[in-house]
There are 2 protein chains.
Amino acid sequence: MQRSDIFTNLAEGELAQVNACRVSIRYHTGEVVFKQGSPCHDFVCITKGMLKLYREDENDKRIIIGFAKPVDYIFVPGAFTDKRHHFSAIACEETTACLVGIDVFEKLLRENPDFASAFMTKVSEQSIRFIEQMSSLVQKQMPGRMADVLLDLSKAVYNSNPFVSSLSRQDLADMSGMTKESAIRILKTFRDDELIRTEGDMIEILNYPMLERISRNG
Amino acid sequence: MQRSDIFTNLAEGELAQVNACRVSIRYHTGEVVFKQGSPCHDFVCITKGMLKLYREDENDKRIIIGFAKPVDYIFVPGAFTDKRHHFSAIACEETTACLVGIDVFEKLLRENPDFASAFMTKVSEQSIRFIEQMSSLVQKQMPGRMADVLLDLSKAVYNSNPFVSSLSRQDLADMSGMTKESAIRILKTFRDDELIRTEGDMIEILNYPMLERISRNG
DNA sequence: GCTAATTGATGATATAAGTCATTTCAAAGC
DNA sequence: GCTTTGAAATGACTTATATCATCAATTAGC
């Protein structure tokens with residue numbers, strides 16, 4: 001069984017505690033793992049597949065704030081504050097997740113400084129990602145935002161090029177803060193300019209340097 | 001001397017450790033406390049005045065991601081990752097800040113679980129704020145975004161209404177992701193509709209419910 | 001006290017991006 | 001097999017927002 005690298009900091013006994021109470025659950029594509037606003041009881045760790053993390057407002061507009069894949073656990077900030085979820089998680093592939101009660105998790109954080117320290121690092125990395133995403137979404141216009149999304153998918157999410165993605169155009173739009181139609185149009189200009197190639201669910205970045213230039217120029 | 005409430009979790013001896021190494025520095029309005037990209041050596045705690053936290057991109061476009069005031073300490077996510085600052089901090093009033101080396105701070109986090117736990121709560125709250133700010137900036141149009149900014153200033157930053165703010169129209173624009181001209185125009189419509197009143201550096205919210213409706217409707 | 005520099009305010013215009021309508025295409029159901 | 005459904009693609013049109021230019025009002029410098 002795969003496990004997130006922060007668990008390497010746990011002693012045998014501590015790991016046993018986690019294993020004793022953890023629950024492994026399988027989700028089908030499209031199934032909701034937790035919903036924004038609902039009470040949070042568990043930490044979620046992905047062992048197979050992928051989750052889409054998103055926030056939605058009153059008008060059903062969505063923004064995708066990230067993904068969780070093996071072997072990420074999802075940092076649930078509500079667990080340390082109001083015990084509510086502040087974003088939703090939905091399976092975008094066949095996914096297996098491992099749930100650990102937040103009380104058990106918090107106990108380990110208190111008892112094992114190495115574990116806590118590794119956790120702080122993960123949380124910090126996510127904070128940095130949030131800041132960078134916010135900066136991209138607010139300061140750049142559509143081509144720059146889409147370039148950021150494609151580069152992020154290739155470099156950070158799928159770690160490959162080309163990559164096969166189950167994400168729809170709507171998802172790409174929700175990641176880059178634009179409408180589905182605009183996302184399609186931008187992708188077409190990228191295709192026409194031979195920056196990318198698409199074939200079904202596959203996307204290949206043909207011209208990294210140019211995409212990065214578009215990202216920089218906004 | 002004021003201190004952040006997370007320090008109430010420290011024992012006498014631990015507080016003494018902090019006091020032994022901490023440095024108190026005064027900044028004039030407009031002075032830079034730290035700069036995005038620079039190495040981070042210290043945790044910063046504000047004892048007087050206010051800091052503006054912002055991120056800038058290659059094109060000198062700014063986005064204000066928050067403020068730090070007494071008695072906040074600034075969560076510096078780079079401290080736990082690449083030891084670099086990922087945003088800049090600038091004094092927007094006469095400000096006194098207290099610097100504590102990150103090694104001392106991290107030692108306390110490891111040794112005192114209550115302190116670490118309080119810290120995690122603060123970090124989580126900031127993460128939630130980031131998500132909410134991102135959602136506002138991406139999903140709402142100008143009136144909704146400006147409403148969010150004004151409500152946030154009144155409720156979370158200055159904790160008063162009316163409030164006197166040293167922020168320029170450009171700052172309000174940088175908070176709400178629009179140009180200075182647009183910010184001025186939106187404020188004018190709010191004034192014309194008697195939602196707010198402005199007089200010099202003072203802003204008063206006259207119609208909370210309506211502003212909140214504008215915020216909700218985007 | 002006067003000049004220079006900055007900030008706020010406003011109008012005219014340009015452009016980025018959203019909305020709406022339509023079509024194509026592929027997958028799912030009967 | 002055909003029909004239905006949903007996603008992708010595309011064009012026409014509208015609207016939100018940025019840009020540019022100008023001017024007033026305030027603040028800073030000499």
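We did not get these values from a lab; they are worked out from the coordinates using the rules stated. Everything quoted here is computed from the prediction, not taken from an experiment. Cβ coordinates were reconstructed from backbone atoms using ideal geometry, including for glycine residues, and neighbour counts include every protein chain displayed.
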Check: Do the sum for chain A: with -39,500 (n - 2.57) for every DSSP H run of n ≥ 4, divided by all residues, what is the mean residue ellipticity at 222 nm, to the nearest 500 deg cm²/dmol?
Finding: -13000 deg cm²/dmol
Item checked: Label 7 Å beyond Cα on the Cβ vector: A:Ser168 copy-to-copy distances, nm -> 4.5
Notebook entry, point to check: What does the charge count near B:Ala118 come to, summing +1 for each Lys or Arg and -1 for each Asp or Glu among other residues with Cβ under 12 Å from its Cβ?
Noted result: -1
Check: From the label point of A:Lys61, set 7 Å from Cα along Cα→Cβ, how far away are the matching label points in the other copies, in nm, ordered shortest to longest?
Finding: 1.6
Checklist line | Unit charges at the beta carbon, dipole of the protein assembly as shown: most positive-side option, A:Ser168, B:Ala97, A:Gln126 | finding: A:Ser168
Item checked: Sequence-separation-based contact order of the stretch A:141-217, relative, with Cα cut under 8 Å and 6+ spacing, percent -> 39 percent
Checklist line | Between the stretch A:1-38 and the stretch B:92-131, the alpha-carbon center distance in angstrom | finding: 27 Å
Check: So which helices of chain B fit the span-like rule, where a helix is a whole DSSP H run, its Cα atoms reach 30 Å or more along the axis, and its mean Kyte-Doolittle is at least -1.0?
Finding: B:113-139
Item checked: Sum of side-chain charges, B:Pro143 neighbourhood, beta-carbon under 14 Å (Lys, Arg +1; Asp, Glu -1) -> +3
Next item on the list: Considering Cα pairs under 8 angstrom that are at least six residues apart, work out the relative contact order of chain B and quote it in whole percent.
Entry: 20 percent
Next item on the list: Go ahead and collect, in residue order, the members of the stretch A:109-149 whose backbone nitrogen is under 19 Å from a label point 7 Å along the Cα-Cβ direction of A:Thr179.
Entry: A:141-146
Notebook entry, point to check: Shortest first, in nm, what separates the label point of A:Glu132 from those of the same position in the other copies (7 Å along Cα→Cβ)?
Noted result: 2.6
Next item on the list: Give the distance, in whole Å, between the Cα centre of the stretch B:64-82 and the Cα centre of the stretch B:187-208.
Entry: 30 Å
